[in-house]
Amino acid sequence: RWGVLGAGDDLREVPTEPGAYLDFYRGVESALRAGGPPPVTPDSAVAALEVIEAARRSASGQGVVRLG
């Protein structure tokens with residue numbers, strides 16, 4: 001279970017990290033029921049969405065999409 005990271009001819013295999021979705025949803029429950037901190041900050045959520053949107057635009061043939 002290896003992923004590939006890089007661009008063009010500069011590619012390398014990287015190990016796939018196991019997810020921790022159960023921990024995330026436990027954090028959501030704690031935030032909603034007990035007023036605990038959210039498992040992800042709003043800024044982190046927005047940054048992740050920006051990366052996903054840039055990847056979508058890049059994959060649709062718009063070339064390199066720079067973030068920041």
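The values are calculated or read from the model by the stated rules, or taken from the named source; none is laboratory data. Everything numeric in this text was worked out from a predicted model, so none of it was measured. Every residue, glycine among them, receives a Cβ derived from its backbone with ideal geometry; neighbour counts consider all protein chains shown. Keep in mind that these areas ignore ligands, DNA and RNA; they rest on the heavy atoms of the full protein, side chains included. Shrake-Rupley method; radii C 1.70, N 1.55, O 1.52, S 1.80 Å.
A quick yes/no check of all residues on (1) assigned to a strand (DSSP E or B); (2) under 30 Å from GLY63 (Cα atoms); (3) of a type in the set (S, T, N, Q); (4) touching a helix residue (DSSP H, G or I) at 6+ places or on another chain (Cβ under 8 Å):
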{"position": "VAL4", "(1), (2), (3), (4)": "yes, yes, no, no"}
{"position": "ARG12", "(1), (2), (3), (4)": "yes, yes, no, no"}
{"position": "GLU17", "(1), (2), (3), (4)": "no, yes, no, no"}
{"position": "SER30", "(1), (2), (3), (4)": "no, no, yes, no"}
{"position": "PRO38", "(1), (2), (3), (4)": "no, no, no, yes"}
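Set side by side, the residues VAL28, VAL14 differ, and just one is out of contact with any His (no Cβ under 6 Å at 6 or more places or on another chain), under 28 Å from VAL65 (Cβ atoms) and either open to solvent by 80 Å² or more (accessible area, probe 1.4 Å) or not aromatic (Phe, Trp, Tyr) (or both), which is VAL14.
Within region 48-56, can one find any residue that is of a type in the set (Lys, Arg), under 27 Å from GLY68 (Cβ atoms), open to solvent by 70 Å² or more (accessible area, probe 1.4 Å) and assigned to a helix (DSSP H, G or I)?
There is at least one residue in region 48-56 that is of a type in the set (Lys, Arg), under 27 Å from GLY68 (Cβ atoms), open to solvent by 70 Å² or more (accessible area, probe 1.4 Å) and assigned to a helix (DSSP H, G or I).
Counting only residues that are over 26 Å from ALA7 (Cβ atoms) and surrounded by 11 or more Cβ atoms within 10 Å (Cβ to Cβ), region 31-44 holds 5 of them.
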